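Please read the structure below before turning to the comments.
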Amino acid sequence: MTAQAAIYACSHRRGNSDHAAELLRQGVEKAGGKAEVIRLRKHEVLHCLACGYCDSNKDGRLADRCVLGARDEAAKLFAPLFAAPVVFFASPIYFYHVPSRLKTWMDRGQQFWQAAMDKEPWVSGLPRRKSYSVFVAGRPQGERLFEGALLSLKYFLLNFNIRPEQTLQYRGIDEFKDLEGHENYCKEIRRMGYDAWQDATEPLG
Ligand SMILES: Cc1cc2nc3c(=O)[nH]c(=O)nc-3n(C[C@H](O)[C@H](O)[C@H](O)COP(=O)(O)O)c2cc1C
């Protein structure tokens, strides 16, 4: 397992989620770790075709179980979910859910759900790890604003034996630099990165 955290920045623009990802990276590094920030918008991912190929192709692995495997960068984006000791997501809310780029990539995770169902050890044998997320939303209200995003992320990550540990949710963050104006939020995010890295790497016992 590489000793590098994976931080997925999931916005379609350079804004609050990118800033949150950077704060998470700072937190991990302050705790003595290393982190890779992956900006989803920089990677082309094709839509799941719902073709059933991943169900029939039992011998497939990371880059070839999906019929689209070699045609885009989905596999490259999945690789850290197999190797990272801890995983972070920083994302905006779009229409009460995750942005379409993130959802498109999540749907491509169906191949791992199939592999886990088939009890293939390269997926079902992955070590248990934790995930941490930061969500920003423009609206100041909305009781159920984050529910859809949290549920999708939870069930997507379960394919990799990654369980949600902590999430930070910020309302009323809308303009590019709104998050930067909230020093208390920024501190919380940095702290979460720090604590998560410590938790992921602390010796057992
Ligand atoms: C397509 C789209 C849909 C959005 N839908 C919502 C929404 O349902 N609820 C909400 O509170 N904010 C919504 N927003 C606002 C964003 O969540 C907000 O601007 C956020 O700060 C963007 O994060 P970013 O700077 O990381 O891109 C939406 C923005 C866009 C572009």
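The values are calculated or read from the model by the stated rules, or taken from the named source; none is laboratory data. Computed from a predicted model, the values in this text were never measured in an experiment. Cβ sites come from the backbone with ideal geometry, for glycine too, and all protein chains shown count toward neighbours.
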For segment 27-47, name all the residues that are aliphatic (A, V, I, L, M) and touching a Phe, Trp or Tyr at 6+ places or on another chain (Cβ under 7 Å). 28, 31, 38, 40, 45
How many of the residues making up segment 5-32 are assigned to a loop (DSSP other than H, G, I, E, B), of a type in the set (Lys, Arg) and either away from the ligand (no atom under 16 Å from the Cβ) or out of contact with any Pro (no Cβ under 9 Å at 6 or more places or on another chain) (or both)? 1
Would you say residue 100 is within 29 Å of residue 135 (Cβ to Cβ) and surrounded by fewer than 17 Cβ atoms within 10 Å (Cβ to Cβ)? yes
Can you tell me which residue within segment 38-58, out of those that are closer than 20 Å to residue 93 by Cβ and either of a type in the set (Phe, Trp, Tyr) or surrounded by fewer than 20 Cβ atoms within 10 Å (Cβ to Cβ) (or both), is farthest from the ligand (Cβ to nearest atom)? 38
Of the candidates 77, 46, 24, 81, the one satisfying the condition of being modelled with pLDDT of 95 or more, more than 21 Å from residue 139 (Cβ to Cβ) and in contact with a Leu (Cβ under 6 Å, 6 or more places away or on another chain) is 46
Taking residue 169 as the residue in question, decide whether it is surrounded by fewer than 16 Cβ atoms within 10 Å (Cβ to Cβ) and in contact with a strand residue (DSSP E or B) (Cβ under 6 Å, 6 or more places away or on another chain). yes
Scan segment 106-126 and give yes if some residue there is assigned to a helix (DSSP H, G or I), farther than 26 Å from residue 26 by Cβ and within 14 Å of the ligand (Cβ to nearest atom), otherwise no. no
Would you be able to say whether some residue in segment 80-96 is assigned to a strand (DSSP E or B) and more than 27 Å from residue 31 (Cβ to Cβ)? yes
Just give me the residues in segment 158-187 being part of a helix (DSSP H, G or I), within 16 Å of the ligand (Cβ to nearest atom) and under 25 Å from residue 148 (Cα atoms), in sequence order. 179, 185, 186
Quick check: anything in segment 112-123 over 13 Å from the mean Cα position of the chain (by Cα), on the phi > 0 side of the Ramachandran plot and surrounded by fewer than 17 Cβ atoms within 10 Å (Cβ to Cβ)? yes
So for segment 181-189 (the condition being closer than 22 Å to residue 128 by Cβ and in contact (Cβ under 8 Å) with a residue 40 or more places away in the chain), does at least one residue qualify? no
Considering segment 124-145 alone, what residues qualify as being surrounded by fewer than 14 Cβ atoms within 10 Å (Cβ to Cβ) and either in contact with an Asp or Glu (Cβ under 9 Å, 6 or more places away or on another chain) or free of Cβ contacts under 8 Å to residues at least 40 places away in the same chain (or both)? 125, 128, 139, 140, 141, 143
